[in-house]
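Step one of this worksheet: look at the structure below.
The values are calculated or read from the model by the stated rules, or taken from the named source; none is laboratory data. Nothing here was measured: the structure is a model prediction, and the numbers come from that model. For neighbour counting, all protein chains shown are included, and Cβ atoms are generated from backbone atoms with ideal geometry for every residue, glycine included. Areas reflect the complete protein model, heavy atoms only, side chains present, ligands, DNA and RNA absent. Shrake-Rupley method; radii C 1.70, N 1.55, O 1.52, S 1.80 Å.
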Amino acid sequence: MIKIKKRKILLLPGDGIGPEVIFEVKKIIEWFNKNKSLDFEIEEALVGGASFEKYKSPITDEVFYKALESEAVILGAVGGPKWDGLEFSKRPERALLKLRKELKLFANLRPAICFKQLVDASSLKPEIISGLDIMIVRELTGGIYFGEPRGIVPIENGERKGTNTHTYTTNEIHRVARVAFELAKKRKNTVTSCEKSNVMEAGMLWREEVQALRDKEFKKVELKHMLADNCAMQLLREPKQFDVIVTDNLFGDILSDEAAMLTGSLGLLPSASLGAKDKNGKMRAMYEPIHGSAPDIAGKNISNPIASILSLSMALRYSLELDVEADLLDAAVQQVLDDGLRTKDIMSVGKKEVSTTVMGDAIIAKLK
Ligand code: IPM
Ligand code: MG
């Protein structure tokens, strides 16, 4: 067998259920190495609370440089109650924010897809969500998450004042909107841009600049503007009206959780955080399941590895130009769901409940 492709993938399992779901991802990468003439070099490193325990820092420089050198980073999850009391700079979430910011991963793609096998898992009526397929594009390196000034300072009368700053520049808006328009062209050709232009200047700028980019470069894509609070409401009322949603960092954080939960199965949804392409066409990227670290069920072998496995599939597609392999993996996941295999989080009457590892093995069996 001729080995033709050599790619470096960094696995950052993190905290809670992160390590167990990433273990299943690793099994699948190894399967691809062995059976599909691929030669992925897998590296693994500590991040989040796990890194803090060992190095007193949520991410070391060494791990950060490893991420810089990898073609794709796949992260499990970070955080847990154990580290809640730590100061901001030491908290597990800082690792995530540092990777996003310093790798310049400004476009966060969060699909909310309702798997046909799981229509009944949603708290919404089946007719509202069956066939749902939304792509949320969340700006990830700007806005109130990173704006300056920020901080907590004492003021008169023993009171304190907390400040965060929300800013966006034309370029920051254009580069993420461009990603949304490009995606829409391959989908239903519609972008909904969300902000609060009725109360925020930065929201007004967002609206004007998204429109300007559309008029200049994407005349064939339909663009709608929607206030973010209305979008939250419309997602519950009639989610299938949306194709691609583009929005800022904070609104994207909130709307993507809402959209994900519409599908009833947080354990199934992956995400991709992408940077700009360099002159060789290479792009930095990090992939992660959208569920969190779920410390309450960690270590019990009951978590759902599918969101992480589909994050690998996104990595194959967006970073490694391996669409055929990504299709194969997506199909394998569909088949195990068709067979009625379910981890506890998506279990329903008449289905077969399986563990994390059995789910991973079943997906590998379908790849064959
Ligand atoms: C997310 C998470 C993070 C965020 C946290 C863990 C910092 O909620 O990826 O959506 O707020 O961006
Ligand atoms: Mg969030």
Problem set entry | One residue from Val358, Val354, Val336 being among the β-branched types (Val, Ile, Thr), in contact (Cβ under 8 Å) with a residue 12 or more places away in the chain and within 15 Å of Phe115 (Cα to Cα) | Val336
Problem set entry | Matching residues, region 273-310, being free of Cβ contacts under 8 Å to residues at least 24 places away in the same chain and either on the phi > 0 side of the Ramachandran plot or not in a loop (DSSP other than H, G, I, E, B) (or both) | Lys277, Gly281, Asp296
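Residue by residue, here is whether (1) farther than 20 Å from Val244 by Cα; (2) in contact (Cβ under 8 Å) with a residue 12 or more places away in the chain; (3) out of contact with any helix residue (DSSP H, G or I) (no Cβ under 6 Å at 6 or more places or on another chain) holds:
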| site | (1), (2), (3) |
| --- | --- |
| Ile136 | no, yes, no |
| Glu139 | no, yes, no |
| Pro154 | yes, no, yes |
| Thr163 | yes, yes, yes |
| Glu172 | no, yes, yes |
| Ala177 | no, yes, no |
| Lys220 | no, yes, yes |
Problem set entry | Number of the condition not met by Asp327 [criteria: (1) surrounded by fewer than 18 Cβ atoms within 10 Å (Cβ to Cβ); (2) within 16 Å of ligand 2 (Cβ to nearest atom); (3) closer than 15 Å to Ile28 by Cα] | (2)
Exercise. Name the pairs whose Cβ atoms lie under 7 Å apart, with the first residue in region 188-208 and outside any helix (DSSP H, G or I), the second among the acidic types (Asp, Glu) and open to solvent by 20 Å² or more (accessible area, probe 1.4 Å), and 6 or more positions between them or separate chains?
Worked result: Asn189/Glu222; Thr190/Glu222
For this session: Report the residue count in region 286-312 for those that are surrounded by fewer than 23 Cβ atoms within 10 Å (Cβ to Cβ) and more than 14 Å from ligand 1 (Cβ to nearest atom).
Result: 7
Exercise. For region 35-67, which residues satisfy the criterion of being in contact (Cβ under 8 Å) with a residue 40 or more places away in the chain and open to solvent by 50 Å² or more (accessible area, probe 1.4 Å)?
Worked result: Asn35, Lys36
